[in-house]
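The values are calculated or read from the model by the stated rules, or taken from the named source; none is laboratory data. Please read all numbers here as calculations on a predicted model, not as lab measurements. Here the Cβ positions follow ideal geometry from the backbone for every residue, glycine too, while neighbour counts run over all protein chains shown. Side chains are part of the model used for accessible areas, which takes the heavy atoms of the whole protein and leaves out ligands, DNA and RNA. Shrake-Rupley method; radii C 1.70, N 1.55, O 1.52, S 1.80 Å.
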Amino acid sequence: MFLPRCAAGVVAVSLSVAAFSWSHVPAQNSADEELRHADELQDRGSPEESRKIYESLLRDLRPVEPSRQLGHVLNGLSNLEAAEGNYQKAIDLAQQAIDVYRRLGDAGGESYALNSRGIAEGDLGLYGAAQVSFHRALALIRSVSDLETEVRTLNNLGNAFYFPGQYLEALRAYQEAWQIVERHTSDPWDNEWRQITRINQATLYQRLGRYQSALEIYRQLGPLSQRLNGSDRAQLLTNLGALYRRLGDPWKALDSYRAALDLYSKQHDSAGEISVLKNIGIVYALDQGDLVKAQQFFARSLAQARDTHNQREQMQAHLYLGESLFRKRDLPSGREQFRIALAQARTLGTVEEQWKALYGIGRSEELLGQPEKAEAAYREAISTIEISRNQLQLSALRAEFLADKRDVYDALIALLLKKNEVKESFVFIERSRARTFQDRLVSASPDAAKTRPSFPSLDEIQKDLDLSTILMEFWVSGDRIALIWCTRHSYGMQQTQLSAGERESAMGFLRGLPRNLGANWREPSAILHRLIAGGLSLPSNLHHMLIVPDGWLSSVPFDLVPSDQNSSKLLIERFDISYLPTTALLRRAPEKATALHFPWTHELVAFGDPAMQNLATAGPLDDSADLQPLPNSAEEIQSISKMAHGRTELFLGAQDLKSVFLSGKSHGAAILHVSTHAFADADVPEDSRMLFSSAAGSGEADYVFLRELYDMDLRGVNLATLSACNTERGKMIRGEGVQAFSRALLFAGSRSSLTTLWRVDDQPTSEFMKQFYYFILEKHQPKAEALRSAKLKFLHSGTRLQNPEEWAAFVLNGDGLGPVPRFISWAELLASSALLILSALSVAVWVLRIRRRIHRVHGSQHVIS
C-alpha cells in the first residue's frame, strides 16, 4: 500500500502497494492454491518463501497463453522487488503484468499492475511518470466500478503529487478517496482504507504545519491501528514519531521510531528501515545534540539507500549528513553534503529538499566568510519556497506553509540588515509575514489582474503616509529586534540585541498581563523601553503611529511603552496608535468619499447581552458552565445607539442569535458592534469563538467561530468592535502572525477592528466603550484618535479606571486614521429642511417685492408719456 512515512525530518509518504489477493478467486486448480499461499506468505512478512512460489509458477505459466495467473505472478514479483529496493526491476515486471492484462482485456488487473509500476517509479523519483501511471489506473478501475481499488489508486496518486510538493493536487486526491470511504461504511474494505486515507491526510497536514489537525487524526485512529498489517503499523508509528518530535517530545519520538524500525525489519521493508534510521538520526542531531550518534545513523541510512538504488533516500541522507557536519562546525564537509543533496533534489524535482539544501549552503558560506555567496543561496531558497507556495491555491493550506521556512527569510534579512540595506530588508520582512492576508487583499481587488505587486516597497509606503504619521515595522528573530521606521520624507533602522535576562523579563511581563498591572505598573512595564527607545528621536510634528508587530511583539500593549528613554511619558500620551498585520493593508482601495449619510441608511448594527439564564453546556465546548451574565452589555449598546444619528438595529437577549449575525445584517452598516463572551483557542485558531444566545430555546450555547468570520462579507463596515475578552489573542503562526479575531474581521472586508489583548471586566468595558463612541460619533474624531482620547480620559481620571488593566487591552487594527462616516440625524435633516424652506420663502418674498417695484416704475413711465 502507498502509505505515509517520515522522510527528511518531516513526515512524508512511502511507496508500497498491496497486490490483489488471490484469496478472492475461487480455486480451480493447484496453481490457484499456490497463488493464494504465496499471497498469504507475503502478507505475513515471509517474502523469500513467497518469492519461491511465484518464481516456480512463473516458469510454468510463461510458455503458455497469457492468463490472469501469469499477470498476478508478475505483479507479485514486482512488489517484492520494490520492497527490496530493486525499483527498475520492479518497473519491468509491472510492465510485463500490464501487457498480460491488456491482452486479456482485464481492466482491473491492468489497474493493479499500473499501481505497482507507479509506486516503483515514485521510489526512483520519477514522479511525473508515476502520476501518469496512477491516472491511467484510475481511468481503468472506474470503468469496472471497483471502489476499493479506486480508493487505493487515489491515495497513490495523492502521494505521487505529495513528494514533488504539489500539495493542492495531493489534497484533492485524498479528499476524493475520503468521500468514497465515507459513502461505503458497510463495505468490508472500508475500515482499512478509512485508516490509510486518514493517515495520508494527516501526513499532508504535518508537512503543511497543521500539527494539531494531524494529531487529532492519529488519536482517532489509535484504537483501530492494531487491525493494520505490520508495515502499515510501522508507517503509522513513524508518522507519530515525527509528530511527537514536532510537538517537543523527542523521547517519545524515539520510542515510536524504534518500534517502527523493528516492524520494518521483520517485514523486510528496506525503504521503511532507511526512513526510520534517518529520523532517529534527526532526533539525535537536532533534539539531543549527539552529533556523533546522529552521523552514524545518517551514514547507515545512506549506505542502505545506495544498496537499494533509492535516490530519494540518498538525497535525504546527504541533506542530514550535511546538517550534522554543519553543527559540528566541519563547514566545508557540510557544504559539500548540501551541494550533493541539492543536485539530487534538482534531478528528482523535489522542491522541499531544494530550499533546505540551499539554506544549508547559505549558512555554511556565511560562516566561512562568504556573505555574497550566502546571500545568493538564501535568495534562491526563498525563490524556491515561493514557487512551491504559489501552487497552493487554498488559503487553508497556505496559512501555515511558511511556519518552518521563516528561518530562511530571517537569515537573508539578518544579512541585509548587517549591510544596512534598509529598503531591501523592508521588502523581505514584508514577504515573511501575513502572506495569506496579503493574498486576500490582492484577490479582493476590483481589478486583481492589474493590482500592484503584493510586496510594497519602502518608497511606496512613504508616499502613502501623511506628514504627521510614522510607520514602525518590526522584525524579531530570537533575541534580536529590528525596527524599520519611516515618515513621508525620511526613514531609518535600529537594531536591539536583548540579553537572555531582558528577553525573559519582557516575556514574563507579557505573560503576567493584566495581573501585574498593579498600583506600581510603570515599574514592571519599563522593560518595554528597549523596544524603541534605543536612540530613536521622533520629530514633534508626528502624531499618528502605525505599528506592524512581529512574533511575540504582537502581544505587546505599545500604549505602555515609554516614548523615550529619559521620560515617563507613554507612547499613548504622544501618539494615537493603530496596528497593521502588514503594510500591504495601506494599499487597500479607499472607501468612496461621501460627505454625509442620511438618517435612513445603516449606521450601527449591534449584538449583545446573550441570554444565559437557562444555558446548558455545549458538548465538547464546555465553556458555558462557568459563564456569568453580562449585566452591562445591553446598556452599553443602547447608550451607543443613542449617540448614533443613522439607522440602528440592535439584537439583544433572546434576539442575539448566530443565525441573524451570519445572515448579512451587518453588511453595509458603518459600525458593527458585538458585546459578549469570547474564547481564544491557541491550539486550533479556527475554534476561537464568540458566544450568542441559544437558538429556539435549545438550552445549548451557540457560537460564531473564527473560521465563520472569514467567510462573512463585511465590505462596507468601517469599524467592527468586539467588546469581549481576549479577542486579539490566538495561535501564533510563524510567517502569518496571530490568528485572532481582528485578522478575520479585516480579512472579511472591515476597514478596521477594535479587539482586546486580555480578559476585560464587564462594567469598565462598558464605560470605556461609551467614551470611545462618544469621541467617534459626537466629536467625529478619527478612530485611532478617538481610541487615544478614551484611553487618556481613563488614564487621567484619578479613579481606579486610570490603571492600564482597564484600558490598555483595547487595540485598533487596520485603518485608524480615517473617521467613521458622518451621519445626519432626522432632527438635523428636519432642521435643515425647515431652514431651506424658510430660505426659499425669503427668496420668494424678496423676488415678489422686486417685481412689484419694477411694475410700479414701469407703470409711472407709461402715464407720463
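Just name one of H318, S364, F163: the one whose Cα is farthest towards the positive end of the charge dipole of the chain (beta-carbon charges, Lys/Arg +1, Asp/Glu -1).
The Cα lying farthest towards the positive end belongs to S364.
Compute the Cα gyration tensor for the stretch 263-368, then decide on rounded, prolate or oblate, letting a ≥ b ≥ c be the square roots of its eigenvalues: rounded whenever a/c is under 1.5, prolate when a/b is larger than b/c in the other cases, and oblate in all that remain.
Judged from the Cα gyration tensor, the stretch 263-368 comes out oblate (a/c at least 1.5, b/c at or above a/b).
Could you report the chain's accessible area per residue, 1.4 Å probe, as an integer in Å²?
Result: 41 Å² per residue.
Taking the 0 to 90 degree range and rounding to the nearest ten, how far is the long axis of helix 270-282 tilted relative to the main principal axis of the chain, both from C-alpha atoms?
Approximately 50 degrees, to the nearest ten.
Rounded to the nearest 20 debye, what is the charge dipole size of the chain about its Cα centre when +1 sits on each Lys and Arg Cβ and -1 on each Asp and Glu Cβ?
3200
Among [x] 1.09; [y] 0.97; [z] 1.01, only one was calculated for this model; which label is it, if the read-out is Rg/Rh (Cα atoms, Kirkwood Rh)?
Answer label, from the structure shown: [x].
Just the number, please: carbon plus sulfur as a percent of the accessible area of the stretch 275-393, 1.4 Å probe, no ligands or DNA/RNA counted.
47
Calculate what fraction, in whole %, of the accessible area of the stretch 722-818 sits on carbon and sulfur atoms when a 1.4 Å probe is rolled over the protein chains.
For the stretch 722-818, the apolar C and S fraction of the accessible surface comes to 43 percent.
May I ask you to list the lysines whose Cα is less than 29 Å away from that of K793, ignoring any residue fewer than eight positions away on the same chain?
Partners within reach: K569, K642, K770, K779, K783.
Could you give the distance between the Cα centres of the stretch 656-730 and the stretch 487-516, to the whole Å?
Using only Cα atoms to place each centre, the spacing works out to 32 Å.
Give me the percent of the accessible area of the stretch 459-615 that comes from carbon and sulfur atoms, probe 1.4 Å, all protein chains in place.
For the stretch 459-615, the apolar C and S fraction of the accessible surface comes to 50 percent.
Rg over Rh of the stretch 155-252, using C-alpha atoms and the Kirkwood radius, what does it come to?
Using Cα coordinates only, the ratio equals 0.96.
Please give the helix 47-61 orientation as an angle from the longest Cα principal axis of the chain, in degrees from 0 to 90, rounded to the nearest 10.
Computed tilt is about 70 degrees.
Measure nothing fancy, just the Cα-based angle from helix 826-864's long axis to the longest principal axis of the chain, in degrees from 0 to 90, nearest 10.
Helix 826-864 sits at roughly 50 degrees to that axis.
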